[in-house]
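A.B. asks: This structure is in C-alpha coordinates; I'll ask about it shortly.
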Amino acid sequence: MKRFNDKVVIITGADSDIGRSTALKFAKEEANCVLVGINHDLLEYIYKDLPQDHTWINTGNHLTVTCKVNESSQIEEMIKHVLEKYGHIDVLVNIDTEIGIHQSVIPELIKTKGNIVNVTTLTDIPSDWNLDAYNAEKDNFDKTTKDLALKNAASGVRINAVAAGLVTTDTSSNPFLSHCPLGRTATPNDVTNAIVFLASNDAAMITGVNLPIDGGISALNT
(Lines give C-alpha, C1' and ligand atoms only; values in the text may rest on other atoms or scores of the structure.)
Protein backbone atom coordinates (compact mmCIF):
# COMPACT_ATOMS: atom_id res chain seq x y z
CA MET A 1 0.00 0.00 0.00
CA LYS A 2 1.19 3.52 -0.79
CA ARG A 3 2.06 5.70 2.20
CA PHE A 4 -0.65 8.32 1.59
CA ASN A 5 -3.53 6.17 0.41
CA ASP A 6 -6.78 8.18 0.92
CA LYS A 7 -4.89 10.97 2.74
CA VAL A 8 -5.79 14.57 1.93
CA VAL A 9 -2.72 16.77 1.41
CA ILE A 10 -3.05 20.55 1.03
CA ILE A 11 -0.10 22.12 -0.77
CA THR A 12 0.14 25.91 -0.63
CA GLY A 13 2.50 27.53 -3.11
CA ALA A 14 1.60 24.63 -5.40
CA ASP A 15 2.07 26.88 -8.45
CA SER A 16 5.87 26.67 -8.08
CA ASP A 17 8.52 24.20 -9.21
CA ILE A 18 8.72 22.67 -5.74
CA GLY A 19 4.92 22.69 -5.48
CA ARG A 20 4.54 20.80 -8.76
CA SER A 21 7.22 18.26 -7.83
CA THR A 22 5.65 17.77 -4.39
CA ALA A 23 2.14 17.30 -5.77
CA LEU A 24 3.34 14.70 -8.27
CA LYS A 25 5.18 12.76 -5.54
CA PHE A 26 2.20 12.74 -3.17
CA ALA A 27 -0.21 11.82 -5.96
CA LYS A 28 1.97 8.87 -6.97
CA GLU A 29 1.74 7.75 -3.33
CA GLU A 30 -2.09 7.83 -3.77
CA ALA A 31 -2.78 11.03 -1.82
CA ASN A 32 -5.67 13.31 -2.70
CA CYS A 33 -3.85 16.57 -3.48
CA VAL A 34 -5.29 20.05 -2.97
CA LEU A 35 -3.25 22.49 -5.06
CA VAL A 36 -3.42 26.00 -3.61
CA GLY A 37 -1.88 29.08 -5.25
CA ILE A 38 -2.59 32.37 -6.98
CA ASN A 39 -1.94 31.30 -10.59
CA HIS A 40 -5.11 29.53 -11.72
CA ASP A 41 -3.80 28.51 -15.14
CA LEU A 42 -0.61 27.03 -13.72
CA LEU A 43 -2.53 25.11 -11.04
CA GLU A 44 -4.76 23.60 -13.74
CA TYR A 45 -1.70 22.69 -15.81
CA ILE A 46 -0.15 20.87 -12.83
CA TYR A 47 -3.47 19.22 -11.98
CA LYS A 48 -3.65 17.62 -15.45
CA ASP A 49 -0.29 15.90 -14.87
CA LEU A 50 -1.37 14.22 -11.64
CA PRO A 51 -2.33 10.53 -11.74
CA GLN A 52 -6.06 10.20 -11.12
CA ASP A 53 -8.11 7.53 -9.41
CA HIS A 54 -10.54 6.72 -12.21
CA THR A 55 -12.67 4.57 -9.92
CA TRP A 56 -14.12 7.74 -8.41
CA ILE A 57 -17.56 8.80 -9.62
CA ASN A 58 -16.69 12.51 -9.50
CA THR A 59 -14.37 14.44 -11.82
CA GLY A 60 -11.18 13.40 -10.06
CA ASN A 61 -9.56 12.84 -6.71
CA HIS A 62 -7.48 16.04 -6.75
CA LEU A 63 -8.53 19.67 -6.37
CA THR A 64 -7.23 23.12 -7.33
CA VAL A 65 -8.04 26.21 -5.25
CA THR A 66 -6.99 29.70 -6.34
CA CYS A 67 -6.63 31.89 -3.27
CA LYS A 68 -4.30 34.13 -1.28
CA VAL A 69 -3.16 32.32 1.85
CA ASN A 70 -2.47 35.56 3.70
CA GLU A 71 -6.17 36.47 3.63
CA SER A 72 -8.08 34.65 6.37
CA SER A 73 -11.46 34.81 4.64
CA GLN A 74 -10.09 33.07 1.56
CA ILE A 75 -8.39 30.43 3.70
CA GLU A 76 -11.63 29.70 5.53
CA GLU A 77 -13.44 29.27 2.20
CA MET A 78 -10.67 27.00 0.92
CA ILE A 79 -10.86 24.76 4.00
CA LYS A 80 -14.64 24.62 3.75
CA HIS A 81 -14.34 23.60 0.10
CA VAL A 82 -11.81 20.88 0.95
CA LEU A 83 -13.96 19.45 3.75
CA GLU A 84 -17.04 19.42 1.52
CA LYS A 85 -15.15 17.28 -1.01
CA TYR A 86 -13.12 14.99 1.25
CA GLY A 87 -14.41 15.36 4.82
CA HIS A 88 -10.96 15.51 6.40
CA ILE A 89 -7.44 16.99 6.12
CA ASP A 90 -4.30 14.99 6.91
CA VAL A 91 -1.28 17.03 5.81
CA LEU A 92 -0.47 20.68 5.12
CA VAL A 93 2.62 21.45 3.05
CA ASN A 94 3.28 25.16 3.28
CA ILE A 95 5.74 26.28 0.57
CA ASP A 96 7.20 29.79 0.87
CA THR A 97 3.92 31.18 2.20
CA GLU A 98 2.68 32.77 5.43
CA ILE A 99 2.27 30.39 8.35
CA GLY A 100 -0.89 32.16 9.52
CA ILE A 101 -2.82 29.41 7.75
CA HIS A 102 -1.92 27.09 10.65
CA GLN A 103 -4.59 28.35 13.03
CA SER A 104 -7.27 27.53 10.47
CA VAL A 105 -5.97 24.07 9.53
CA ILE A 106 -4.75 22.72 12.89
CA PRO A 107 -8.28 22.04 14.28
CA GLU A 108 -8.82 19.65 11.37
CA LEU A 109 -5.37 18.09 11.76
CA ILE A 110 -6.10 17.38 15.43
CA LYS A 111 -9.02 15.21 14.30
CA THR A 112 -6.81 13.14 11.99
CA LYS A 113 -3.56 13.33 14.01
CA GLY A 114 -2.09 14.94 10.93
CA ASN A 115 0.98 17.04 10.38
CA ILE A 116 2.46 20.17 8.81
CA VAL A 117 5.64 20.62 6.79
CA ASN A 118 6.72 24.24 6.31
CA VAL A 119 9.13 24.91 3.45
CA THR A 120 11.36 27.91 2.94
CA THR A 121 13.77 28.52 0.06
CA LEU A 122 16.31 31.06 -1.08
CA THR A 123 14.71 32.05 -4.37
CA ASP A 124 16.94 35.08 -4.89
CA ILE A 125 20.61 35.44 -4.09
CA PRO A 126 21.54 39.13 -3.70
CA SER A 127 25.04 40.32 -4.57
CA ASP A 128 25.81 40.92 -0.87
CA TRP A 129 24.61 37.46 0.21
CA ASN A 130 26.68 35.89 2.97
CA LEU A 131 26.71 32.88 5.25
CA ASP A 132 25.81 34.90 8.34
CA ALA A 133 22.62 36.15 6.68
CA TYR A 134 21.70 32.61 5.64
CA ASN A 135 22.25 31.22 9.14
CA ALA A 136 20.26 34.06 10.75
CA GLU A 137 17.30 33.35 8.48
CA LYS A 138 17.53 29.61 9.15
CA ASP A 139 17.80 30.15 12.93
CA ASN A 140 14.61 32.21 12.91
CA PHE A 141 12.85 29.48 10.92
CA ASP A 142 14.15 26.87 13.40
CA LYS A 143 12.66 28.75 16.35
CA THR A 144 9.28 29.22 14.68
CA THR A 145 9.12 25.52 13.83
CA LYS A 146 10.03 24.39 17.36
CA ASP A 147 7.57 26.79 19.01
CA LEU A 148 4.68 25.59 16.82
CA ALA A 149 5.64 21.94 17.26
CA LEU A 150 5.76 22.14 21.05
CA LYS A 151 2.50 24.06 21.19
CA ASN A 152 0.63 21.37 19.24
CA ALA A 153 2.43 18.17 20.24
CA ALA A 154 -0.05 17.31 23.01
CA SER A 155 -2.83 17.34 20.39
CA GLY A 156 -0.96 14.77 18.30
CA VAL A 157 -0.11 17.19 15.48
CA ARG A 158 3.48 17.01 14.22
CA ILE A 159 5.04 20.16 12.77
CA ASN A 160 8.35 20.06 10.92
CA ALA A 161 10.12 22.15 8.32
CA VAL A 162 12.40 21.93 5.32
CA ALA A 163 14.92 24.72 4.87
CA ALA A 164 16.14 24.52 1.30
CA GLY A 165 19.11 26.42 0.03
CA LEU A 166 19.12 27.78 -3.48
CA VAL A 167 16.82 25.53 -5.53
CA THR A 168 17.56 25.66 -9.22
CA THR A 169 18.73 23.65 -12.21
CA ASP A 170 21.06 26.49 -13.23
CA THR A 171 24.69 25.37 -12.94
CA SER A 172 26.22 28.80 -13.50
CA SER A 173 28.37 30.31 -10.77
CA ASN A 174 26.62 32.07 -7.88
CA PRO A 175 27.59 33.13 -4.33
CA PHE A 176 25.73 30.18 -2.79
CA LEU A 177 27.87 27.55 -4.50
CA SER A 178 31.10 28.99 -3.10
CA HIS A 179 29.92 27.99 0.39
CA CYS A 180 28.38 24.62 -0.50
CA PRO A 181 30.39 21.51 0.53
CA LEU A 182 28.54 19.31 -1.98
CA GLY A 183 29.22 21.83 -4.72
CA ARG A 184 25.74 22.04 -6.24
CA THR A 185 22.35 23.56 -5.69
CA ALA A 186 19.29 21.55 -4.68
CA THR A 187 16.73 20.45 -7.25
CA PRO A 188 12.96 20.56 -6.63
CA ASN A 189 13.04 16.77 -6.34
CA ASP A 190 15.67 16.95 -3.56
CA VAL A 191 13.32 19.16 -1.56
CA THR A 192 10.25 17.09 -2.37
CA ASN A 193 11.83 13.88 -1.06
CA ALA A 194 12.45 15.54 2.31
CA ILE A 195 8.90 16.95 2.45
CA VAL A 196 7.25 13.61 1.72
CA PHE A 197 9.42 11.80 4.27
CA LEU A 198 8.54 14.25 7.07
CA ALA A 199 4.84 14.06 6.18
CA SER A 200 4.79 10.26 6.21
CA ASN A 201 4.43 7.78 9.05
CA ASP A 202 8.13 6.98 8.53
CA ALA A 203 8.68 10.20 10.52
CA ALA A 204 6.04 9.44 13.15
CA MET A 205 8.40 10.28 16.03
CA ILE A 206 9.80 13.46 14.46
CA THR A 207 8.45 16.89 15.34
CA GLY A 208 10.02 20.32 15.76
CA VAL A 209 12.76 19.54 13.24
CA ASN A 210 14.01 21.90 10.55
CA LEU A 211 15.69 19.69 7.95
CA PRO A 212 18.22 21.61 5.84
CA ILE A 213 18.47 20.68 2.16
CA ASP A 214 21.43 22.91 1.41
CA GLY A 215 24.33 20.68 0.44
CA GLY A 216 25.98 20.96 3.86
CA ILE A 217 26.04 24.74 4.22
CA SER A 218 24.24 24.62 7.57
CA ALA A 219 26.95 22.25 8.85
CA LEU A 220 29.70 24.83 8.35
CA ASN A 221 31.14 26.39 11.48
CA THR A 222 30.74 30.16 11.18
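The values are calculated or read from the model by the stated rules, or taken from the named source; none is laboratory data. All values reported here derive from a predicted model rather than from experimental measurement. When we count neighbours, we look across all protein chains shown, and the Cβ atoms used for this are built from the backbone with ideal geometry, even at glycine.
A.B. asks: Is there a residue in segment 121-142 that is part of a loop (DSSP other than H, G, I, E, B), modelled with pLDDT of 85 or more and surrounded by fewer than 17 Cβ atoms within 10 Å (Cβ to Cβ)? Spell out how you get there, then give the answer.
C.D. replies: Going residue by residue through segment 121-142, those that are part of a loop (DSSP other than H, G, I, E, B) are 123-130.
Right, trim to modelled with pLDDT of 85 or more and you get none.
No, the conditions are met nowhere in segment 121-142.
A.B. asks: Further question on the same structure: Taking only segment 176-188 into account, find how many residues are part of a helix (DSSP H, G or I), surrounded by 14 or more Cβ atoms within 10 Å (Cβ to Cβ) and of a type in the set (S, T, N, Q). Write out each step before concluding.
C.D. replies: Of segment 176-188, the ones part of a helix (DSSP H, G or I) are 177-179, 188.
Those still in the list that are surrounded by 14 or more Cβ atoms within 10 Å (Cβ to Cβ) too: 177, 179, 188.
Keeping just the survivors that are of a type in the set (S, T, N, Q) gives none.
Qualifying residue count for the region: 0.
A.B. asks: Does any residue of segment 51-65 turn out to be surrounded by fewer than 18 Cβ atoms within 10 Å (Cβ to Cβ) and at pLDDT 90 or above?
C.D. replies: Within segment 51-65, the first condition is being surrounded by fewer than 18 Cβ atoms within 10 Å (Cβ to Cβ), and the residues that meet it are 51-60.
Filter again for at pLDDT 90 or above, leaving none.
Checked segment 51-65: no residue is surrounded by fewer than 18 Cβ atoms within 10 Å (Cβ to Cβ) and at pLDDT 90 or above.
A.B. asks: So which strands (runs of 3 or more DSSP E) are wholly in segment 1-120 and hold at least 2 residues that are closer than 26 Å to Ala153 by Cα and touching a residue at least 24 places away in the same chain (Cβ under 8 Å)? Step through it out loud before you land on a result.
C.D. replies: Details: elements: 8-12, 32-37, 63-66, 91-95.
Because the criterion is at least 2 residues that are closer than 26 Å to Ala153 by Cα and touching a residue at least 24 places away in the same chain (Cβ under 8 Å), the strands (runs of 3 or more DSSP E) in segment 1-120 that meet it are 8-12, 32-37, 91-95.
A.B. asks: Okay, moving on. Could you tell me which residue of segment 205-222 is surrounded by the fewest Cβ atoms within 10 Å (Cβ to Cβ), considering only residues that are in contact (Cβ under 8 Å) with a residue 40 or more places away in the chain and small (Gly, Ala, Ser)?
C.D. replies: Of all residues in segment 205-222, those in contact (Cβ under 8 Å) with a residue 40 or more places away in the chain come to 206-215, 217-218, 220, 222.
Filter once more, so that each one left must be small (Gly, Ala, Ser): 208, 215, 218.
Details: Gly208: 17, Gly215: 20, Ser218: 19.
Among residues in segment 205-222 that are in contact (Cβ under 8 Å) with a residue 40 or more places away in the chain and small (Gly, Ala, Ser), the one surrounded by the fewest Cβ atoms within 10 Å (Cβ to Cβ) is Gly208.
A.B. asks: Looking only at segment 4-30, how many residues end up being farther than 22 Å from Thr121 by Cβ and surrounded by 24 or more Cβ atoms within 10 Å (Cβ to Cβ)?
C.D. replies: Going through segment 4-30 one residue at a time, the tally reaches 1.
A.B. asks: Turning to a different aspect of this structure: For segment 81-120, which positions are in contact with an Asp or Glu (Cβ under 8 Å, 6 or more places away or on another chain), surrounded by fewer than 22 Cβ atoms within 10 Å (Cβ to Cβ) and either farther than 20 Å from Asn210 by Cα or of a type in the set (D, E, K, R) (or both)?
C.D. replies: Leu83, His88, Ser104, Thr112
A.B. asks: Within segment 189-202, is even one residue over 13 Å from the mean Cα position of the chain (by Cα), at pLDDT 85 or above and assigned to a helix (DSSP H, G or I)? Even if it seems obvious, please write down each step before you answer.
C.D. replies: Pass one, segment 189-202, residues over 13 Å from the mean Cα position of the chain (by Cα): 201-202.
Subset that is at pLDDT 85 or above: 201-202.
Okay, now just the ones that are also assigned to a helix (DSSP H, G or I), so 201-202.
Yes, the conditions are met somewhere in segment 189-202.
A.B. asks: What's the number of the only condition in (1) modelled with pLDDT of 80 or more; (2) part of a loop (DSSP other than H, G, I, E, B) that Ala153 fails to meet?
C.D. replies: (2)
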